[in-house]
Structures are given as C-alpha cells and as structure tokens.
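The values are calculated or read from the model by the stated rules, or taken from the named source; none is laboratory data. What you see is a predicted model, and the numbers here were worked out from it, not measured in a lab. Note: ideal-geometry Cβ built from the backbone for every residue, glycine included; neighbour counts use all protein chains shown. In case anyone asks, the SASA skips ligands and DNA or RNA and just uses the protein heavy atoms, side chains included. Shrake-Rupley method; radii C 1.70, N 1.55, O 1.52, S 1.80 Å.
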Amino acid sequence: MSTVGEEQKTDAVHRLGVMSERHPELKRRVADARLELAAAVLAMDAVDERIQAGEKIYSLQEQAAVEQAKNAHAQALADLLRGEH
C-alpha cells in the first residue's frame, strides 16, 4: 500500500523531467544505478533458480548486492531530484 498520492507522483514526474534536463550527468548516474540494480536482481534470481533445482548454494551475497544496488539507485535518484552533485 502506497502512502504517496497522485499529486505527489505528478510533482515527482515534473521534477524528474526538469532536473534531468538541467543535470544530464545526474540523469546518467540514475540510469547507471538502475542498470546495476537490474543486473543484481537477475543475478539473485539465477542463484535462486539453481537453489530450487537442488544445488547447495546460498544467495546471501546476491541478496546483499541487490540491497546495495537499491540503496545506490535511491541515492542517485534523490541526488537528481535535489540537483546535487
């Protein structure tokens, strides 16, 4: 359940558009962080599939990588919204 309303989402879309135009280098950081997050999720899923297939491995490292990538993406997005370098 989201506590963010439609007005806040609309404001965020506007702010992202404005700040992306003003700070293309920060927009690239967000895109890079999103790619890292996607790669970490795929790696975790691959390990989970191997575990389900009966392999005796653990996905703690992959789970930690996803958490770290999520944090990096969130920080990059916050920096873009704030226009911070």
Test item: Cα-centred dipole of region 21-83, Lys/Arg +1 and Asp/Glu -1 on Cβ, debye
280 debye
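Can you give me the relative contact order of the chain as a percent, contacts being Cα pairs under 8 Å and 6 or more apart?
Working: 54 pairs, mean separation 35.5, N = 85.
Answer for the chain is 42 percent.
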Ignoring ligands, DNA and RNA, how do HIS14, HIS73, HIS85 rank by accessible area with a 1.4 Å probe, largest first?
HIS85, HIS14, HIS73
Rolling a 1.4 angstrom probe over the protein heavy atoms, how many square angstrom per residue are accessible across the chain?
77 Å²
Options (i) 18, 33, 28, 15, 6, 0; (ii) 20, 55, 24, 1; (iii) 17, 46, 32, 5, 0 for P(r) over Cα pairs in 10 Å bins from 0, in percent; the value derived from the coordinates is listed as (i)
With all protein chains present, how much of the accessible area of the chain (probe radius 1.4 Å) comes from carbon and sulfur, to the nearest whole percent?
55 percent
